[in-house]
Amino acid sequence: MFTRRNATPRLRKAQQGNERPKDPKLWPYFQDGLRRIDYVLTYHVQKPQSTRKQSSKSCLCCKFRREQSNPPAHEDPELAAQEQRLDYHDDDQRLRREEFEENLREMGLEMEREEGNKIPGVGFLKIHAPWEVLCREAEFMKLKMPTFKVFVICILSRDKENLCKVTAPLQPNVGENRMENVKHLSYPFSREKQHLFDLSDRNSFFDSKTRSSIVIIALNSIKPHSLCISAILYEWMLNRCSRMYVILILSLQILYEEWASYSIFYKYQPIGLIRKYFGEKVGLYFAWLGVYTQMLIPAAIVGVIVFLYGCATVEDNIPSMEVCDERNNITMCPMCDRACSYWKLVTACGTARASHLFDNAATVFFAIFMALWGHPAYVGNCFLCFSQSHPRAEYEFHVMKKSLKKEQSPKSLFLLCVFVCSMQICVTLAIVFGVVLYRVSIMTALHMSSTPTFRTNIRATVKTTAAIINLIIIIIMDEVYGAIARWLTIMEVPKTDKSFEERLIFKTFILKFANAFTPIVYLAFFRGRIIGRPGKYIYVMGSYRMEECAHAGCLMELCIQLCITMLGKQLIQNNLFEIGVPKLKKMLRQRKIDKKHQEELNKTLHRHEKDHFLGPFVGLNPEYMEMIIQFGMVTVFVASFPLAPLFALLNNIIEIRLDAKKFVTELRRPIAVRAKDIGIWYTLLRGLSKVAVIVNAFVIAFTSDLIPRLVYQYMYSPDGTLHGFVNHTLSYFNVSHFQPGTEPMEPMHLGYKVEVCRYKDYRDPPWSATPYEFSREFWAILAARLAFVIVFQNVVMLMSDFVDWLIPDIPKDISIQIHKERNLIVELFMKQERGKKYRNTIERKKPLNVLCHCSVSVSQTANGRL
């Protein structure tokens, strides 16, 4: 790859002099120096062109009339047969390429071939689109091109001018961010109306991304057989060329310095330059990522405030003070059968104090704030502004044709997809169940251990190790589910690229979302609720007793699982893989080539030959999926982890620059795809925002102790405070009611005989008329929890609808600009029609004037003669 900083002075000098670079290998043209390279296809060459056998032009002749040569006596017949098969394969591939290239020539494209000149075994097919092809495809695609008509953009108000001055230090140092007061009016290109467009410089009328888009659409519009040939024989590669190569290098260098640098993390992204170089689809992704990251700033601030509020009030929290008070002398029932013994509630003091950091009075308000924050109504306006100011062409091209096998019915394919996805979700549930068994077995083993080190902090050890195991399984299964989703989508044989992408995204999202959130859902809503009671526990697989939550509830364990999963996926799966894997591949490639030879190649290779060594662009779906899963973790279970927005913000600040550096230095230039929005991802965002409201309502109501505290304080507390709340949440159990074989092996572990132990539940005591049945308090709290879910959900939904009504779909200044452009288009057409009619009238009058002049001359001559 070229050195951008060293190339700057020479390129700028060349730009000022309007000359080509002196080094001809950098100039993206054919050998004649006149035709520009718009696209490059690469293919593998088995043998050099000079040593390749001559083949006939027909495949049948090649099959039946190939010359057979007898090997020498000393040559191995197997090696000779293998070489013959390779020669036949090479000839067959060449003939198929020639067929494909002939179809391209029929479409009007011009080509130039390079084979094995500097890179052994690699051939390049350079493609040039002439002016006629560009005009034809642009008219077919209805591309909006700039006309010669210009208009003045609305002048900013004083408030917006002041805002621009305040944010000026945050703007990147690129010319694209300068406010332009004049803009060219755009209109769909038409060959019959070329007089409307500014065609003074045809070489710059279609920019590089438009030319490459036209070529790739032309490649995809050829007949199916040739399309299959191109997919098999060629590796498509976009050449890094532009209107002027000097401007291209400068744009790439500006992106490298003002976008792909970690030192300018606080600045805005040069979205305009990104869009011009990489296309609208990539520009929309980074625009959305930038807006989403900016939105995380207020969410992170509020989350930190909620966490600090919990830290400031932990000393005044009455329930945790009662748990930590040794004078209460509360004896708890064993946590497992036989191996576990009775324990003191005061040993859970640390867990109770830590739970208050996330489970306090501010949690409800933070959940409401995040529910409104996650509502993407005003986020969509950004994309609408982006698309409305630059309208796109609605064009789809075929990417997949009918399979050679017998096509299955849509119903059978649908049932196959449902069955496979259901099976994968069942596999995820089985994995979660396996982790549950690990927790139960390891806790029993640690309790039975004779080593004091293992017997201390058993809960923390089990929680942390189980969360790490879940993380490793999630990372591995993500790759498996991605491959399964792609296989299912290919089996469906979608007809268009958009349909293929949307189906693939939906399947991948369902599987990966279930993979990432199933352990979290289990901890939030199922753990500790299907365990039974002392003396009548629920067992699975014979002897495994279902695990229960700590006294402070499962919210702390949910927080630990969410924290480890979120940080682990961001650090390991996203950032480490994105940095480490490309670096490792690059290091392995460099080890195969001698350093001196590599330096010589860098000096002599053309631009497209250097780009061949870059990594291929695999699409934006992995980047979007990474952020959508993160958005789900930030919004869906944010009530249990207020610091999630802060960690997401820090990750995204690095993610933007990491992706930028990857796009600029590590990947080939992607195909410039036109887009008007972020597509199905916006629908997934809206769905997650709706789910987040419901899930957070259930987390607050059923996972945290907020509702039981409020019910106790206003219904059962004698003084209207939380004094006595801990005792109110504990039920009594007579130890003589243990089932045979489940009582503790060391009943005197605490130094005295225990007759009654306590456990967290709302049940009647053993001396009541209905021993161990759910008490009235249980039903009162359950009713309060359900009422809270209904009220919370409706209030947040109502406020979300109010936000939708308050914020317009299209901002006022953008709607005014759109209306102005429409009026100018109508005015331009009316002016052109009037000019056309005037010219036609003048042309019709010219013959009449000539006839009148001739008649007058003849009459004057006749009169003179008379």
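The values are calculated or read from the model by the stated rules, or taken from the named source; none is laboratory data. No experiment lies behind these values; they were computed from the predicted model shown. In this analysis, Cβ positions are derived from the backbone assuming ideal geometry, glycine residues included, and neighbour counts consider all displayed protein chains. For the accessible areas, the whole protein counts, side chains as well, though only heavy atoms, and no ligand, DNA or RNA atoms are used. Shrake-Rupley method; radii C 1.70, N 1.55, O 1.52, S 1.80 Å.
Filtering the range 338-362 to residues that are touching a strand residue (DSSP E or B) at 6+ places or on another chain (Cβ under 9 Å), hydroxyl-bearing (Ser, Thr, Tyr) and open to solvent by less than 30 Å² (accessible area, probe 1.4 Å) leaves Tyr342, Ser355. Candidates Val480, Val440: the one that is modelled with pLDDT under 85 and assigned to a helix (DSSP H, G or I) is Val440.
Regarding Cys154, is this residue open to solvent by 10 Å² or more (accessible area, probe 1.4 Å) and either more than 30 Å from the chain's Cα centre (by Cα) or modelled with pLDDT of 65 or more (or both)? So Cys154 passes the test.
The rows are residues; the columns are (1) open to solvent by less than 10 Å² (accessible area, probe 1.4 Å); (2) assigned to a helix (DSSP H, G or I); (3) of a type outside the set (Asp, Glu); (4) closer than 13 Å to Gly374 by Cα.
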position: Pro622; (1), (2), (3), (4): no, yes, yes, no
position: Met627; (1), (2), (3), (4): yes, yes, yes, no
position: Ala648; (1), (2), (3), (4): yes, yes, yes, no
position: Glu655; (1), (2), (3), (4): yes, yes, no, no
position: Leu684; (1), (2), (3), (4): no, yes, yes, yes
position: Val691; (1), (2), (3), (4): no, yes, yes, yes
position: Val699; (1), (2), (3), (4): yes, yes, yes, no
position: Phe702; (1), (2), (3), (4): no, yes, yes, no
position: Leu710; (1), (2), (3), (4): no, yes, yes, no
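Mind listing just one residue for me: the one in the range 500-530 that is part of a helix (DSSP H, G or I) and without any contact (Cβ under 8 Å) to a residue 60 or more places away in the chain and, of those, farthest from Val634 (Cα to Cα)? If we take residues in the range 500-530 being part of a helix (DSSP H, G or I) and without any contact (Cβ under 8 Å) to a residue 60 or more places away in the chain, then Arg503 is farthest from Val634 (Cα to Cα).
Could you say whether any residue in the range 328-337 is buried (at least 18 other Cβ atoms within 10 Å of the Cβ), modelled with pLDDT under 85 and not charged (D, E, K, R)? Yes. Hey, among the residues in the range 384-437 that are within 30 Å of Ile818 (Cα to Cα) and either touching a Cys at 6+ places or on another chain (Cβ under 7 Å) or open to solvent by less than 40 Å² (accessible area, probe 1.4 Å) (or both), which one's modelled with the highest pLDDT? By that ranking, first place goes to Phe386.
Listed conditions (1) open to solvent by less than 70 Å² (accessible area, probe 1.4 Å); (2) more than 30 Å from Phe698 (Cα to Cα); (3) in contact with a Phe, Trp or Tyr (Cβ under 7 Å, 6 or more places away or on another chain) are all met by His749, apart from (1).
The one condition from (1) more than 27 Å from Val40 (Cβ to Cβ); (2) modelled with pLDDT under 80 that Ser208 does not meet is (1).
Suppose the filter is open to solvent by 80 Å² or more (accessible area, probe 1.4 Å), out of contact with any Cys (no Cβ under 8 Å at 6 or more places or on another chain), touching a residue at least 60 places away in the same chain (Cβ under 8 Å) and within 22 Å of Gly532 (Cβ to Cβ); does His723 pass it? No, not satisfied. Taken over the range 296-317, the criterion of being at pLDDT below 90 and in contact with a Phe, Trp or Tyr (Cβ under 7 Å, 6 or more places away or on another chain) is satisfied by Gly310 alone.
Of the residues Thr313, Thr293, Thr351, Thr363, the single one that is assigned to a helix (DSSP H, G or I) and under 27 Å from Val440 (Cβ atoms) is Thr351. Within the range 716-757, the set of residues being among the β-branched types (Val, Ile, Thr) and touching a strand residue (DSSP E or B) at 6+ places or on another chain (Cβ under 7 Å) comprises Thr729, Val735, Val754, Val756. May I ask you to verify whether Lys586 is farther than 30 Å from Lys144 by Cβ, open to solvent by 50 Å² or more (accessible area, probe 1.4 Å), in contact with an Asp or Glu (Cβ under 9 Å, 6 or more places away or on another chain) and modelled with pLDDT under 85? For Lys586, the condition - farther than 30 Å from Lys144 by Cβ, open to solvent by 50 Å² or more (accessible area, probe 1.4 Å), in contact with an Asp or Glu (Cβ under 9 Å, 6 or more places away or on another chain) and modelled with pLDDT under 85 - is met.
Comparison of Glu137, Glu112, Glu132, Glu192 shows that the only residue that is in contact with a Lys or Arg (Cβ under 6 Å, 6 or more places away or on another chain) and modelled with pLDDT of 80 or more is Glu112.
Pairs meeting the criteria (first residue in the range 126-150 and surrounded by 18 or more Cβ atoms within 10 Å (Cβ to Cβ), second residue of a type in the set (Lys, Arg) and in a strand (DSSP E or B), beta carbons under 8 Å, at least 6 apart or on different chains) are Lys126/Arg113; His128/Arg36.
Taking the range 470-479 as the range and being aliphatic (A, V, I, L, M) and open to solvent by less than 60 Å² (accessible area, probe 1.4 Å) as the test, the residues that pass are Leu471, Ile473, Ile474, Ile475, Met477. Of all the criteria given as (1) on the phi < 0 side of the Ramachandran plot; (2) free of Cβ contacts under 8 Å to residues at least 24 places away in the same chain, the one not satisfied by Arg533 is (2). Summed over the range 486-509, the residues that are open to solvent by less than 60 Å² (accessible area, probe 1.4 Å) and under 30 Å from Ile560 (Cα atoms) give a count of 4.
Annotation: Asp325 fulfils all but one of (1) surrounded by 19 or more Cβ atoms within 10 Å (Cβ to Cβ); (2) among the acidic types (Asp, Glu); (3) out of contact with any Lys or Arg (no Cβ under 9 Å at 6 or more places or on another chain); the unmet one is (1).
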